[in-house]
Structure formats: C-alpha cells, structure tokens
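In what follows, a single structure is set out as structure tokens and then discussed.
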Ligand SMILES: *Cc1c(COP(=O)(O)O)cnc(C)c1O
C-alpha cells in the first residue's frame, strides 16, 4: 500500500524563485548583494518588487495530501521543517525570506527568527536542556540570559558552571571536566556551551577557537553544541561559525534592526542544530511577526553600510576621547592592550565595533554630569541603532547586580557605555567635548 502523500510531488514553497541565483560565472555573490532579492520572487506576488507583508493566520493547502505532507514536516516526521506554509505560528513568507537572508551573513545552513533576542535564547536553551543537565557558559552574560539560566532553568533541575570571558584553553579544559563530573552526578549531560563575546559592558572577548578545541577534546563524539551571542559584533565584524561555534545567536533589535524601532531575535547554524529549536518554537510560538520580519528585510539591505559607518565613527570618536583630560580610560576593542585579548581579537574579529565603555574621571556624580549634558547622544539603553546612545550600566542595566559581582566584572560607577551611530563624526566629537567640559 502506498502512502497517499507519496503521490504528491514535493511542492516548492511558492515564494521561492526558481532557480535561486547565488553565483555569477561561478563567483559567489556577496551578502550585501543578496540582501536585495534572495529568497523572493516578485512573479509570485503580482510583480511586487518588494515582498508584501503576509498578514494571515493560516495558509490554504493545494490539496489534502499536501496538507498531510506539510504537517509531517511540522511534527518532525520529516526532518527540516515544513515544505510549505501551514499556520503563522510555524512559518510565513516574510519570516522565511528573513531567515534565508540572515543565514547568509553567518555562512549558516539555516536560521530561525524570533519575537525578541530573549525569546531566541530561551527557546533554544529549553530545546537543548533536560533535567540533570549542565550548561557551561562564559561570564558575564546579558543580564536576562544569566537570570534565565540561574533562576528559571534551575527550577527544572538544570545547573550551570560559568567561566571568565578571557579564559585560556587550560581553564576551558578544566571547566568542561568539572561540568562533566557535575552532569554525571546529577544524572544528566553537558547540554550546551553558551558564550557571549564581546561581553557586555566590559567588551571582554571569548576565545571561540580554544573552546572548539576544548569541546572536541572533552567530547570526542556527540559533544554539546557551542552557541554564541554575537549581538555586539555581528553580522559584520565577527563570524563565529568560522571559528568553530555551532549556533550564532542575535538580538536583531540592535545592529541588524539598526533603527531602534523594533524588537526581534534569531539563531543560525546547521539544520541539525536548528531542527530541535524549530520544533519547540512550533509548540511555544515566539516566531517573529510578519511586519517586524518585513522591517528587518529593509534593515538588512543597509546593515553593511550602517555598521561600516558606525565603526568608522567610533574609531574617530575613540581616538579623540582616549587622550581627553576628563577621561580615565576607554574600553574599545580598537585599543586592546592585553596580549591575550589582542590575540583573540585578531583571530576572531574583522572590526572593533561601535559600542565601548568610557571611564569618566570621578564617580557617579561626574558620570551623571557628562550624561546629562550630552545633546546629540540620547540617554538610553540598547545599542546598534543609527543614533548614538549613552547609559550608565552600574545605575541602569546592571543596577540589580550585587556590588561584589559588579566589582569583579569591572562595572564601576564611572563606566559610561556608548553606542556610536551614523551621525557626522565631528558633530559627535564636539558634543562629547562640550559634555566632558561640564564635568
Ligand atoms: C539586547 C540583547 C539581548 C536581548 O535581546 P532582546 O531583543 O532585547 O530580547 C541579548 N543579548 C545581548 C548581547 C543583547 O545586547
């Protein structure tokens, strides 16, 4: 007896151009070129040059057998997700185009979009962890990520071991050995190695290549995936999959969205790493909505331009701030003095980014005076937008971090975090100069 679904030709998702062009005369096209059209065929949408926003909760099947076949993809009976569109909690044209284009930047096979960076992180961790498992993570992490691991996953018997961002290979070998012992004791496994580099707000870098080596040595077969939050330097200045990471994580709210007007997240990597997360996203929801996906497609067309300009601006601004008499130091990746950190930077990063910490001479009062006198730079948390933002982590994003931990992480009362935008760099310098003059 044959399965009725076998009689149906594998349907091509209707939005896909045939064939998809990714090379010309054997030359692979660059991401900046592919952002204008990859994954979308105007002929399938009345010739509309840009993808319409598909505001629908559900999709009509070609026939009953195709519906069954699509559900086999959704439920995991067939790996790799659904071949067609089913229901908007699972997928949609705008999200699929976005995911195809996001994967390109990191050289990934597949990507998944989410309603926020934290949704991406939490659904991914839940997909990989079971009771008794251990997560190994670098520190510090984005506060909500650290809180989710320590306070939420712990309710389900999942524990963690953390290590300092700058750790050496030997220290990584040691932390993995301890994690294996802890997992054995708890009747679980080491489920995931989770990195964030550079760390916020210290800009400390994690050696991804060393962790790749340490993971492979500790787990010759079936080791845990290495995931990394690449929000601060990606997708332009760091491509962690090239350095041995398995999954790249983004808050698309930051540089990728880039205009401080949306909240979204994503992960990217090989299909085998995406499939368990896609299955849980299908169950829990949390996929990016079509309107936000459309805005991200627009953002991706200029992400390289915006990041290049912001990076150049930051270089100029930091060169000015470095020697200013009211400045006590600057944590900018372009000025690393520590040889170990410099070595990691040179092996992993192609740019110094545009987010850095500035230490104002004095304490909180002096930092407040500086912030309150800025005119172009806005006083707000977040980063990676077209406009320059400044904040005081000790009094804002990291207010709830205990004093000893703040001290250990170097989060002092005079540390101002700055994210440089794409304004005129000389205007920015003039603004920083006059605000420092009031300190
Ligand atoms: C902002 C941020 C997140 C969380 O992303 P949301 O989109 O706000 O949920 C995670 N990691 C880093 C490094 C971030 O900067």
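Any idea what diffusion coefficient segment 67-170 gets from Stokes-Einstein, in µm²/s, Kirkwood Rh on alpha carbon pairs, 37 °C, 0.692 mPa s?
In µm²/s, the coefficient is 202.
Between 0 and 90 degrees, rounded to the nearest ten: what's the tilt of helix 208-218 against the longest Cα principal axis of the chain?
60 degrees
Could you check the spin-label model distance between residue 381 and residue 242? Points 7 Å from the Cα along Cα→Cβ, value in nm.
That separation, rounded to one decimal, is 3.3 nm.
With the chain treated as a Gaussian network of Cα nodes joined by springs under 10 Å, which of 102, 392, 379 yields the largest mean-square fluctuation?
379
Starting from a Cα-only point model with no solvent, please compute log10 I(q)/I(0) by Debye for segment 117-252 at q = 0.14, 0.16, 0.18, 0.22 1/Å.
Debye output, listed in q order: -0.56, -0.75, -0.96, -1.49.
Under a GNM of the chain (C-alpha, springs under 10 Å), which listed residue has the highest mean-square fluctuation: 62, 130, 109?
Sorting by GNM fluctuation, first place goes to 62.
Please quote Rg/Rh for the chain to two decimal places, taking the Kirkwood radius as Rh and restricting both calculations to Cα atoms.
0.99
Could you work out how much longer the chain between residue 174 and residue 369 gets when fully extended? Use 0.36 nm per residue separation minus the Cα distance between them, nm to one decimal.
So the extension gain works out to 65.7 nm.
Taking 0.36 nm per residue of sequence separation and subtracting the Cα-Cα distance, how much length would be gained by fully extending the chain between residue 438 and residue 89, in nm to one decimal?
Fully extending the segment from residue 438 to residue 89 adds 120.4 nm.
Can you tell me the order of 187-196, 296-305 when each peptide is scored by its average per-residue count of other Cβ atoms within 10 angstrom, highest first?
Ranked from most to least packed, the peptides come out as 187-196, 296-305.
Return the Rg/Rh value of segment 158-236, two decimal places, where both radii are evaluated on C-alpha atoms and Rh is the Kirkwood radius.
My calculation puts Rg/Rh at 0.98.
Run the quick spin-label model on residue 408 and residue 346: label points 7 Å from Cα toward the beta carbon, then report their separation in nm to one decimal.
Output for this residue pair reads 3.1 nm.
Just to confirm the number: angle between the C-alpha axis of helix 169-186 and the first principal axis of the chain, 0 to 90 degrees, nearest 10?
Between helix and principal axis, roughly 60 degrees.
I want to verify a result. In a Gaussian network model of the chain, Cα cutoff 10 Å, which of these has the top mean-square fluctuation: 400, 88, 260?
Judging by the Gaussian network model, the answer is 400.
Could you work out how far helix 271-284 tilts from the main Cα principal axis of the chain, as a 0 to 90 degree angle to the nearest 10?
90 degrees
How far apart, in nanometres, would the label points at residue 75 and residue 335 be if each is projected 7 angstrom from Cα along the Cα-to-Cβ direction?
Result: 6.0 nm between the two label points.
Using the eigenvalues of the Cα gyration tensor, what equivalent ellipsoid semi-axes result for segment 303-436 when each is taken as the square root of five times the eigenvalue, whole Å, largest first?
Taking √(5λ) for each eigenvalue gives 21, 20, 14 Å, largest first.
The numbers here are math on the coordinates, done by the rules we state, and not lab data. Not measured: the values here are computed from a predicted model. For neighbour counting, all protein chains shown are included, and Cβ atoms are generated from backbone atoms with ideal geometry for every residue, glycine included.
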